[in-house]
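The values are calculated or read from the model by the stated rules, or taken from the named source; none is laboratory data. Quick caveat, the model's predicted, so the values are computed rather than measured. Neighbour counts are summed over all protein chains in view; Cβ atoms, including those assigned to glycine, are modelled from backbone coordinates with ideal geometry.
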Amino acid sequence: MDGKYALLEQYLRGLPVTEEELTLTFERIEEILKDRLPPAAREDSPWWSNQKPGIQIETSPWMDAGWMVDIVDLHGEWVRFVRQ
């Protein structure tokens, strides 16, 4: 686990297994990352798509942690993850 998004993966892995869905604001994700999300994360919903590992690096942390993106609200700046 390395790179900018490792902290997000670590956060998601640390959640109780009983938690099956989680909604995070973009601001909260940036707090977890200790860095800003790229502009594409705020402007382009495909940035949050669930792709196979290796296709788009940004998807690996949540998928590697056992989560998938369910809903992204770019206007409200939040994303809902569901456990795989």
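Scanning region 4-22 for residues that are of a type in the set (Ser, Thr, Tyr), out of contact with any Ser or Thr (no Cβ under 8 Å at 6 or more places or on another chain) and either surrounded by 13 or more Cβ atoms within 10 Å (Cβ to Cβ) or on the phi > 0 side of the Ramachandran plot (or both) yields a single hit, Tyr11.
Can Lys34 be described as loosely packed, with under 15 Cβ neighbours inside 10 Å, of a type in the set (Lys, Arg) and at pLDDT below 95? Explain how you work it out, then say what you get.
Values: loosely packed, with under 15 Cβ neighbours inside 10 Å: yes; of a type in the set (Lys, Arg): yes; at pLDDT below 95: no.
No.
Annotation note: of Ile71, Ile57, the sole residue that is under 20 Å from Tyr11 (Cβ atoms), modelled with pLDDT of 95 or more and of a type outside the set (Gly, Ala, Ser) is Ile71.
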